[in-house]
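Please read the structure below before turning to the comments.
Bear in mind these aren't lab numbers, they're just calculated from the coordinates by the rules spelled out. Values in this document were obtained by computation on a predicted structure and should not be read as measured data. Cβ: placed from backbone, ideal geometry, glycine included. Neighbour counts: every protein chain shown.
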Amino acid sequence: MKNLLNEFPLLAVPENGKRLVYLDNGATTQRPFAVLNAVEEYYKKNNANPHRGVYDLAMRATDAHEGARAVVAGFLNAEPDEIIFTQNTSEGLNLVAYSYGLEFLKAGDEIALSVAEHHSNLVPWQRVAKATGAKLVYLYPGADGRLTKEEISAKIGPNTKVVAVAQVSNVLGLAVPIAEIVRRAHEMGAVVVLDCAQSTPHMQVDVKALDVDFAAFSGHKLYAPMGVGALYGKKELLEKMPPFLSGGDMIASVHEQSTTYAPVPRKFEAGTRNVGGEVGLAAAIQWLTALGWDEIEAHEQALMQHALAGFAKLPYITVYGDAAPQGRYGVISFNVEGVHPHDVATILDADGVAVRAGHHCAQPLMEYLGINACCRASFAVYNTIADVDQLLESVQKVRGCMGFGDQ
Amino acid sequence: MKNLLNEFPLLAVPENGKRLVYLDNGATTQRPFAVLNAVEEYYKKNNANPHRGVYDLAMRATDAHEGARAVVAGFLNAEPDEIIFTQNTSEGLNLVAYSYGLEFLKAGDEIALSVAEHHSNLVPWQRVAKATGAKLVYLYPGADGRLTKEEISAKIGPNTKVVAVAQVSNVLGLAVPIAEIVRRAHEMGAVVVLDCAQSTPHMQVDVKALDVDFAAFSGHKLYAPMGVGALYGKKELLEKMPPFLSGGDMIASVHEQSTTYAPVPRKFEAGTRNVGGEVGLAAAIQWLTALGWDEIEAHEQALMQHALAGFAKLPYITVYGDAAPQGRYGVISFNVEGVHPHDVATILDADGVAVRAGHHCAQPLMEYLGINACCRASFAVYNTIADVDQLLESVQKVRGCMGFGDQ
Amino acid sequence: MGINDLYNQIIVENSRSPHHRHAVGGATISLEGVNPSCGDDITLQLRVKDGIVQEAGFTGEGCAISQASTSLMIDLIEGKTVEEANQLAGLFFGMIKGEVTGEDELDALGDAVALQGVSHMPSRVKCAVLAWHTLQDALGEQA
Amino acid sequence: MGINDLYNQIIVENSRSPHHRHAVGGATISLEGVNPSCGDDITLQLRVKDGIVQEAGFTGEGCAISQASTSLMIDLIEGKTVEEANQLAGLFFGMIKGEVTGEDELDALGDAVALQGVSHMPSRVKCAVLAWHTLQDALGEQA
Ligand SMILES: Cc1ncc(COP(=O)(O)O)c(C=O)c1O
Ligand SMILES: Cc1ncc(COP(=O)(O)O)c(C=O)c1O
């Protein structure tokens, strides 16, 4: 992979004489000039409220909006009218929970989800369960952090109506056996809601090949601006779901006491859309995919391997989930023995290495792992082997700084 | 008012040799360099996921996020923890409808709203009414488009639990007698949900002085980027409301089967926020208010007066709502006799004048006015008297172009 | 293309005095077509018998382009078979999308070629095609 | 300020062997304090009698800063009146916000001044103040 850092203004410029080693990409990535410029260009040349004007500028804005939708559809191998623009993954998952979950689930039904789910794919389902009387059933990964076939068969059964699962866990970094899950879920008549927040940045996601029913992701984890994401849904499902947010632009006609709704996807897009953000998302997708998936995966695998190999040499480091790099995408969570992860992150930060510490919005997984928190180093396509070396070097200072004698 | 056009890249540069006369500001405004630069600066220097990291960059992002909240709070004269960031007005109004309406309304209750409401402050309440058995009661303006004291007393009564009303109608452009409405609503024990989408760009809105219970607006109508808006709610109301969107960042703690929520306002902010957009919103507010409200109102009044006086001379033009400029903010809706508004807009567009034509997301008002659609010229602080002159000149070509003999 | 070309005589004539603006006696199908973004709203009525569109008419409101388009469409389809009517709709979409441009090919559209200019005005395409989409939906339901 | 200054002896000592990490017999109040963003989670137990904090202790998990802060706080408040304890909390917040900086003024905080450095680390302020906020909430409920 060619060095991309110069394309990222925030990373290209050193701060206090030091280049930032940004390893919190699982939380949000930085944006390349290609994306920043596309957004600026939109606001400087084509900005108007799409779908709302017959004048030429409004048509250009509509083209920007629908053009971005086509790019997102291509990215996921979906049809444009199966793509709903959202503000982030969380909104997409809430939309499914409200419009599908609240509508089609009832007492006795089961919602199966992994204990590793991000709160955004968990709390909405808790609320659906509470409102409908459905039951939450958890799938637990084995000691290596991977879901087994047995667990999938055991937990997804005839009462399961929804399987909500992240393609890649934001803590373990491991891909779930999604083909297996979809097969079982569909056999049992359940729909699969795939949280792609952590997979879309690292692998090609083909919703048709996966045959998932819904898939949500965020632009900001994918080199795009904040405030834009997308939800994919199979058209026949979207069509039978009631709208979620309502208001301008999602209606066919409104009378004082009744309303009919626009066809999908507009039925689910209330109010003025974030067209600037959508243009940025399309630019980010084009920028990323132009690098080539094979190249991206090879580069990120190399980073993973180097980091995991380095950590393996430090006896006071625990890495969560199978430490083999296979099927691991962009994320390594770890703890330093005897040192709280916040203190680790503070000490690394003093060295210019930004990692995240905390529960990573996955408290049930923390409980399951028997920890309160951990550190997470998460990688993007612009990270380099030198970044990993700096991480490894800084990690080795931590215990000394905290008064342990082994350093 | 000094000429501001040079601060707006989209408006400063002529297209096909002609400067665009952009008069669809009620749909969305253009963005000044001050806003575009602030957003760019954020992405180039301070971008990270706020609230999620202990490293320095994440703190800067958190400061950007909370700093923007403080600016919005100051703008509305609210407390920062009464400000919820949203993607637009529609989301804010939906939040109130779902979290307040669905929770606290029941059969027999009444929701009072003006027939002039934008669909975003109407369809959500239709849905609440349908779900709870509450009744929608409409206030109708008089022939001059203004709500009377009598109508307010007649329609807001002891059963009224929610009064949902736009401070300024996006079609009529007239401010409602909000003091009167709030007094009556509170006497009757109802909460007031104020849609400020069309008021915040044109007048100082002080939620404390108005004593409204909720207020929503969009950044994109206020010179800020798309994809960001805010909802104000009185703290004691926000506290007793259940969350709306759920997921990351809005929780206190999550267990497999139960969740406790963060304090307001974070309880209502699920998932990664649009910090870049929030920074842009804060910059837009600072840019706008630095011009001075007296100056802004005087300038926009002058535009209104000039346009209304010009229209009054054209016998084939109907202006909707009291044609006196007093209490009119930024919006003039009109029709040209015998010509459909879409055709009017197309003909004006050929002259480089962008106005909107259609139902303006206010179909019940169209029905009430006995029309299917109308044209709307809506003004921003950067419009000039020359823009109005061009509008008046182009409007006079319309009937000739459509084959009417009077031209 | 210039605005005056678009709003040329045929359109203005058609829209100001649409000779098909009436309900259809004994209509076998009646369908509403709406452009939510602009408020165009027409109800198309057809009397189809033995696979032939015997009579058609419309009511409702809309811009000059949608009204002219509806009127021109009705001119064209009365007396045609359902299949022919569908084919004409397809041809009309082709013209408006700018995919079919040959004079000969468009010949079958008769006076409706007056609307060809709309293919350069993306914002008005919806107005031009509303009636034709409604026709296709109506014929689909009929079948 | 340097990292090694922050994690100085007192903090490390306090966090690695916090002498107040235990339940309190006959506790009159027990309150959980949580930092949702980081997962710090302490439960503070107090035995308050006749307006005096007779004994305090805590359980739970957290970073060195939150643990040290809790331990240092308990050192300080045992034997104090509820009012004094509240005042000390106010003084501590002042120090961490960087609003109170005078050595004399901070004297009353005893060893807890070791945490003054956190006032320059905004990302760790929450860790330092968790115990003290929990204390105030607990005393408020007690009253
Ligand atoms: C009065 C009024 N309310 C609500 C809205 C909805 O705003 P948004 O589309 O930004 O959600 C608008 C603008 O379209 C409006 O004019
Ligand atoms: C696996 C996973 N799901 C969902 C989310 C939520 O994404 P967002 O905060 O953009 O809504 C995240 C990121 O925080 C995530 O990592």
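Across chain D, the relative contact order, built from alpha-carbon pairs under 8 Å that are at least six residues apart, equals 27 percent. Computed from the C-beta positions of B:Ala324 and B:Ala252 and an R0 of 51 Å, the FRET efficiency is 0.45 to the nearest 0.05. Between B:Glu66 and B:Glu103, the simple label model (points 7 Å from Cα in the Cβ direction) yields a spacing of 2.4 nm. In chain A, what % of DSSP beta bridges are antiparallel (nearest 5)? Here the share of antiparallel DSSP bridges comes out near 55 percent. Helices in chain C, meaning DSSP H runs of at least 4 residues, each add -39500 (n - 2.57). Divided by all residues, the mean residue ellipticity at 222 nm is -13000 deg cm²/dmol. Each pair of Cα atoms in the protein assembly as shown enters the Kirkwood radius, and Stokes-Einstein at 37 °C and 0.692 mPa s then converts it into a translational diffusion coefficient of 105 µm²/s. A cut-off under 13 angstrom between Cβ atoms defines the neighbours of A:Val279, and their net charge, with Lys, Arg +1 and Asp, Glu -1, is +1.
Distances between copies of D:Lys97, taken at a point 7 Å out from Cα along the Cα→Cβ vector and listed shortest first: 6.5 nm.
Of the residues A:Val21, A:Asn77, A:Met59, the one whose Cα sits farthest towards the positive end of the charge dipole of region A:1-99 is A:Val21 (charges of +1 on Lys and Arg Cβ, -1 on Asp and Glu Cβ, taken about the Cα centre). Centroid-to-centroid, using Cα positions, region B:78-104 and region B:15-66 are 22 Å apart. Once the C-beta distance of A:Lys18 and A:Ala312 is scaled by a Förster radius of 30 Å, the resulting FRET efficiency is 0.65 to the nearest 0.05.
Summing Cβ point charges (Lys, Arg +1; Asp, Glu -1) relative to the Cα centre of chain B gives a dipole of roughly 420 debye.
Modelled spin labels at C:Asp111 and B:Gln396, positioned 7 Å past Cα toward Cβ, are 3.4 nm from each other.
Since only B:Ala377, B:His306, B:Ala252 are under comparison, the one whose Cα sits farthest along the positive direction of the charge dipole of region B:249-407, derived from C-beta charges on Lys, Arg, Asp and Glu, is B:Ala252. Dipole magnitude for region B:237-296: about 220 debye, using +1 per Lys or Arg Cβ and -1 per Asp or Glu Cβ, origin at the Cα centre. Is there a pair in B:Lys106/B:Lys135; A:Lys18/A:Lys397; B:Lys161/B:Lys235; B:Lys208/B:Lys235; D:Lys49/D:Lys126 whose C-alpha atoms are over 21 Å apart, and which pairs would that be? The pairs that break the limit, which is 21 Å between Cα atoms, are D:Lys49/D:Lys126. According to the Kirkwood relation over distinct C-alpha pairs, the hydrodynamic radius of chain A is 22.2 Å. Of all complete DSSP H helices in chain B, those with a Cα span along the helix axis of 27 Å or greater and a mean Kyte-Doolittle hydropathy of 0.0 or more are B:56-76.
Each copy carries B:Pro263; placing its label point 7 Å along the C-beta direction from Cα gives inter-copy distances of 5.0 nm, listed from smallest up.
Take A:Lys313, move 7 Å from Cα toward the beta carbon, and the resulting point lies 8.5 nm from the same point in each other copy, nearest first. Dipole magnitude for the protein assembly as shown: about 580 debye, using +1 per Lys or Arg Cβ and -1 per Asp or Glu Cβ, origin at the Cα centre. Placing R0 at 35 angstrom, the Cβ-Cβ distance between B:Lys135 and B:Glu337 gives a FRET efficiency of 0.35 after rounding to 0.05. Across the options A:Ala216, A:Ala164, A:Val205, the greatest Cα extent toward the positive end of the charge dipole of region A:35-289 (unit charges at beta carbon of Lys, Arg, Asp, Glu) belongs to A:Ala164.
Per residue of A:350-362, other chain Cβ atoms within 10 Å of the residue Cβ number 6 on average. Among complete DSSP H helices in chain C, those whose alpha-carbon atoms stretch at least 15 Å along the helix's long axis and whose mean Kyte-Doolittle hydropathy reaches -1.0 are C:64-77, C:82-96, C:125-142. Computed from backbone phi, the HN-Hα couplings of region B:221-232 come to 8, 10, 6, 9, x, 6, x, 8, x, 8, 10, 9 Hz, rounded to whole numbers (Karplus: 6.51 cos²θ - 1.76 cosθ + 1.60, θ = phi - 60°; Gly and Pro given as x). Using the Karplus relation 6.51 cos²θ - 1.76 cosθ + 1.60 with θ = phi - 60°, the per-residue 3J(HN,Hα) values for region A:148-159 come to 9, 4, 5, 5, 5, 5, 6, 9, 9, x, x, 8 Hz, with x marking Gly and Pro. For the pair A:Asp294 and B:Ala302, label points projected 7 Å from Cα toward Cβ lie 6.6 nm apart. Take every DSSP beta bridge with both residues inside the protein assembly as shown and express the antiparallel ones as a percent of the total, to the nearest 5. That works out to approximately 70 percent antiparallel.
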